[in-house]
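The values are calculated or read from the model by the stated rules, or taken from the named source; none is laboratory data. A quick note: this is a predicted structure, and the numbers were derived from the prediction, not measured. A quick note on method: Cβ atoms are made from the backbone with ideal geometry, for glycine too, and the neighbour counts reach across all protein chains shown. Ligands, DNA and RNA are excluded from the accessible area calculation, which covers all protein heavy atoms including side chains. Shrake-Rupley method; radii C 1.70, N 1.55, O 1.52, S 1.80 Å.
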Amino acid sequence: MDITLALGGGGAKGNAHIGVLRRLEKEGYKIRSVAGTSYGGIVAVLYALGNSPAEIQKIFEEVDQNHLYGRDPEDGPSLLGFAGVRKMIGQVCDGKTFDDLKIPCAVTAVDINSGAEITLSKGGLSQAVLATIALPGIFPVQRLNDWELVDGGVLNPVPVSVARELSPDLPVVAVMLNDPMDKPLHGYTIPVPSIIPRTIAQRLARISLAQSLDVFLRSVDVSSRAVAHFRLQLDKPDVLIRPAVHHLSLLDKVVIEDVAKLGEQATEAVLPQLKRAVSWQSRLRRKMFGTTP
């Protein structure tokens, strides 16, 4: 039962991908390739390196979420930095390239100069991961080759098209973390580093910068929902998994296992669709028409 995966972005919501992987493996599905955007890009790379869902969860659980977004000299202009993220990625990806992966994998980013979607499937893994998660204005732009790259979710929140390019003959299982269009928006707060005294942090949360960030991120949320909705209508994954993570925000501190369980539950709900997607009838239609009608 071979499939290819498209893992969508969503910040802290992306821990649901762990549960999706765990349940797919338990059901006997073989993931032959994986594409990812933003947080889905991190998970895609870690899985393609040969890490099990349990090992990926352990990597994330060992990270101090209070220090994920600290700044270091490598960060360019941005509200938050990649100090903690860079350390985590470096421990598992440093010096490794896409040639070291066990299965085909690609992550997406956007070049803010040309406005083009960039598929990263060659070169260093650490650079590719930082590029795919570089939320514009919040995290630093990543310079690679002649590009200035930001989060791939700007143009392709759930990279179904990329997953299909990796394995054209396999059904695409997409995991979407964006809220439905009719869900109300909720506010965002700045994840202030723990080294700042709490009294100052409380003041920071009330200043106009925090209010501006809230408006900006909610605007990004609205745009991302719409782009994801229309891209999925266009790209038509064979199966769509939608974990119930709508109560979470991009930058929330979370209990990773709790979020992973939401991914498992969502996968459980689509098992009948998965079974149909890998049936011989669907495989035949895919060979004849390119995708399953």
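Of note:
- As a calculated quantity, the FRET efficiency between R276 and D94 at R0 = 45 Å, using C-beta atoms, amounts to about 0.60.
- Solvent accessible area, Å² - L185, 1.4 Å probe, full protein context: 70 Å²
- Checking every one of the GluC sites (Glu not before Pro) in the range 57-93 against DSSP loop status and a limit of 12 other Cβ atoms within 10 Å picks out E62, E74.
- Summing Lys and Arg as +1 and Asp and Glu as -1 over all other residues whose Cβ lies under 12 Å from the Cβ of G19 gives a net charge of 0.
- For the chain, size of Cβ-based charge dipole, Lys and Arg +1, Asp and Glu -1, in debye: 700 debye
- Probe 1.4 Å, protein heavy atoms only - accessible area per residue of the range 70-193 in square angstrom: 43 Å²
- Surface share of carbon and sulfur [accessible, 1.4 angstrom probe, percent] for the chain: 55 percent
- Note on K122 and K102: their simple-model spin labels are 2.6 nm apart, each label 7 Å out from Cα toward Cβ.
- D182 accessible area, 1.4 Å probe, all protein chains in place, Å² to nearest 10: 130 Å²
- Extension gain from E25 to E165, taking 0.36 nm per residue of separation minus the Cα-Cα distance: 48.2 nm
- With all protein chains modelled, accessible area of H67 [1.4 Å, Å²]: 80 Å²
- Per principal axis, descending, Cα span of the range 59-127 in whole Å: 32, 32, 19
- Gain on full stretching of the segment that runs from N113 to R71 - 0.36 nm per residue minus C-alpha separation: 12.7 nm
- Spin-label model, F216 to K236: label points 7 Å out along the Cα-to-beta-carbon direction sit 3.9 nm apart.
- Candidate lysines for bridging to K87, where Cα separation is under 29 Å - those fewer than 8 sequence places away on the same chain excluded: K13, K58, K96, K102, K122, K253, K261
- For the chain, adding -39500 (n - 2.57) for each run of n ≥ 4 DSSP H residues and dividing by the number of residues yields -12500 deg cm²/dmol at 222 nm.
- Under the combined filter of DSSP loop state and at most 12 neighbouring Cβ atoms within 10 Å, the range 74-159 retains these trypsin sites (Lys or Arg not before Pro): K102, K122.
- With the convex hull constructed from alpha-carbon coordinates only, the chain shows a mean projected area of 14.9 nm² over all directions.
- Dipole of the chain, positive end: most advanced residue of V278, P184, H246 [Cβ charges, Cα centre]: V278
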